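Just below is one structure, and these are the notes that go with it.
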Amino acid sequence: MPNDSYRSQDYTPEAVNAGQRKINYALTVADRKLVDVLVAIKNALTAPPGQLQQHVAGIEAAIAQASRIIDKVAEIRPPGCDTDWPTPG
């Protein structure tokens, strides 16, 4: 859960810029994970009959990864692409 307490010293232009870079990067990582989901779904749909089930675990894992990243974006303070957050995976 994000910390909603406001501390003006946390909102300098530099701090906001740094936070925005982290948010931008986190969202690009989540976007890539969602593309992975779409590719996995496409692969599952174009697989030979009877092989659809083998793709389900990968699809679920990619969705879970994207969800975790998206949920953490709101925790970045101050709001502000910084490639050191989050660790992709």
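The values are calculated or read from the model by the stated rules, or taken from the named source; none is laboratory data. Computed from a predicted model, the values in this text were never measured in an experiment. Note: ideal-geometry Cβ built from the backbone for every residue, glycine included; neighbour counts use all protein chains shown.
Which residues, taken from the stretch 47-79, are basic (Lys, Arg) and not in a helix (DSSP H, G or I)? Correct list: Arg77 only.
Among the residues of the stretch 24-60, those identified as over 14 Å from Val73 (Cβ atoms), at pLDDT 85 or above and among the hydrophobic types (A, V, I, L, M, F, W, C) are Val35, Val37, Leu38, Val39, Ala40, Ile41, Ala44, Leu45, Ala47, Val56, Ala57, Ile59.
So, in the stretch 4-23, of the ones that are of a type in the set (D, E, K, R), at pLDDT 80 or above and closer than 16 Å to Val73 by Cα, which residue ends up surrounded by the fewest Cβ atoms within 10 Å (Cβ to Cβ)? If we take residues in the stretch 4-23 being of a type in the set (D, E, K, R), at pLDDT 80 or above and closer than 16 Å to Val73 by Cα, then Arg21 is surrounded by the fewest Cβ atoms within 10 Å (Cβ to Cβ).
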